[in-house]
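The values are calculated or read from the model by the stated rules, or taken from the named source; none is laboratory data. Because the structure is a prediction, the values reported are computed rather than measured. Because the Cβ atoms are built from the backbone with ideal geometry, glycine has one as well, and the counts that use them run over all protein chains shown. Please note that ligands, DNA and RNA were not included when accessible areas were found on the heavy atoms of the full protein model with its side chains. Shrake-Rupley method; radii C 1.70, N 1.55, O 1.52, S 1.80 Å.
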Amino acid sequence: MDDFVKEKLAEWGLSSLKDIFEHQADLAVFHILPYLLPPGFHQSAQGKRTKFSKVEAARAFIDIQPVGTNIPQYLRLLEMDLEANQEKAIRKQPYVLALGDMLSPTQVFLMAERLAIEHDSTIAAIDACFKAFYVLNIEYPPACKNVWRFLQHACYGVEGGEREINPTVRSLITAMKKE
């Protein structure tokens with residue numbers, strides 16, 4: 001594992017995850033991205049800007065719930081939460097929902113329009129979610145927009161929105177291209 005990643009895990013109080021991440025690196029990367037990249041901002045109707053936390057960004061990207069979560073009830077609670085907090089809604093659709101452990105979920109869904117579309121893996125759900133954003137021309141959720149922009153440019157090679165790319169995202173993409 002790269003020293004930079006080890007230092008960041010220690011900085012965020014996640015040192016205990018080092019061994020797990022070394023054995024599940026492909027999936028772990030997706031869970032680390034919201035902590036590596038700066039979260040987005042929310043702008044209220046009054047024009048006040050507030051920054052989402054890294055935890056909010058991570059939950060907006062992949063929401064992890066316990067095994068046995070009742071999906072219809074989850075959707076009802078989500079809708080009530082959205083109605084109560086329309087101004088600062090963390091989870092905008094589509095997004096990924098994983099049930100179970102972060103690195104080995106038992107079920108993974110693409111959540112869109114009150115539908116839970118099951119996928120075989122977290123990576124497949126992330127892929128479907130990105131494609132939904134792209135095909136439907138939907139804005140990325142503000143909390144995790146930098147994660148999606150990174151994936152758009154670094155993984156999918158899709159141009160667009162360059163003026164809006166965060167400098168940290170741009171430098172990470174540049175560093176990856178040098179490798």
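Could you list all residues from the stretch 141-179 that are in a helix (DSSP H, G or I), open to solvent by 30 Å² or more (accessible area, probe 1.4 Å) and either at positive phi or among the polar types (S, T, N, Q) (or both)?
THR168, SER171, THR174
Six or more apart or on different chains, Cβ under 6 Å: which pairs go from a residue in the stretch 86-103 that's farther than 19 Å from ILE138 by Cβ and in a loop (DSSP other than H, G, I, E, B) to one that's at pLDDT 90 or above and open to solvent by 30 Å² or more (accessible area, probe 1.4 Å)? Could you list them?
Here the result reads MET102/ILE64, each pair linking the stretch 86-103 to a residue that is at pLDDT 90 or above and open to solvent by 30 Å² or more (accessible area, probe 1.4 Å).
Among the listed residues ILE138, ILE126, which satisfies the condition of being in contact (Cβ under 8 Å) with a residue 24 or more places away in the chain, surrounded by fewer than 16 Cβ atoms within 10 Å (Cβ to Cβ) and within 18 Å of the chain's Cα centre (by Cα)?
After applying the criteria, what remains is ILE138.
Take the residues in the stretch 85-116 that are among the hydrophobic types (A, V, I, L, M, F, W, C) and within 17 Å of ASN70 (Cβ to Cβ); name whichever of them is modelled with the lowest pLDDT.
We begin by selecting, within the stretch 85-116, every residue among the hydrophobic types (A, V, I, L, M, F, W, C); these are 89-90, 96-99, 102-103, 108-112, 115-116.
Filter again for within 17 Å of ASN70 (Cβ to Cβ), leaving 97-99, 108-109, 111, 115-116.
Working: LEU97: 95, ALA98: 95, LEU99: 96, VAL108: 96, PHE109: 96, MET111: 92, LEU115: 86, ALA116: 91.
Only one residue fits best here, namely LEU115.
Identify, please: which residue in the stretch 20-40 is more than 15 Å from VAL169 (Cα to Cα) and either under 16 Å from the mean Cα position of the chain (by Cα) or not in a helix (DSSP H, G or I) (or both) and is, among those, modelled with the highest pLDDT?
Here is the first cut: in the stretch 20-40, the ones more than 15 Å from VAL169 (Cα to Cα) are 20-28, 31.
Okay, now just the ones that are also either under 16 Å from the mean Cα position of the chain (by Cα) or not in a helix (DSSP H, G or I) (or both), so 24, 26-28, 31.
Values: GLN24: 65, ASP26: 69, LEU27: 77, ALA28: 78, HIS31: 86.
It comes out as HIS31.
Just need a number here: residues in the stretch 57-75 that are of a type outside the set (Gly, Ala, Ser) and open to solvent by 40 Å² or more (accessible area, probe 1.4 Å).
Of the residues in that region, 8 qualify.
Can you tell me how many residues within the stretch 127-158 are touching a strand residue (DSSP E or B) at 6+ places or on another chain (Cβ under 6 Å) and closer than 17 Å to VAL169 by Cβ?
Here the count works out to 1.
It is to be established whether one or more residues within the stretch 122-135 are assigned to a loop (DSSP other than H, G, I, E, B) and at negative phi.
Within the stretch 122-135, the first condition is being assigned to a loop (DSSP other than H, G, I, E, B), and the residues that meet it are none.
Among the residues of the stretch 122-135, not one is assigned to a loop (DSSP other than H, G, I, E, B) and at negative phi, which makes the answer no.
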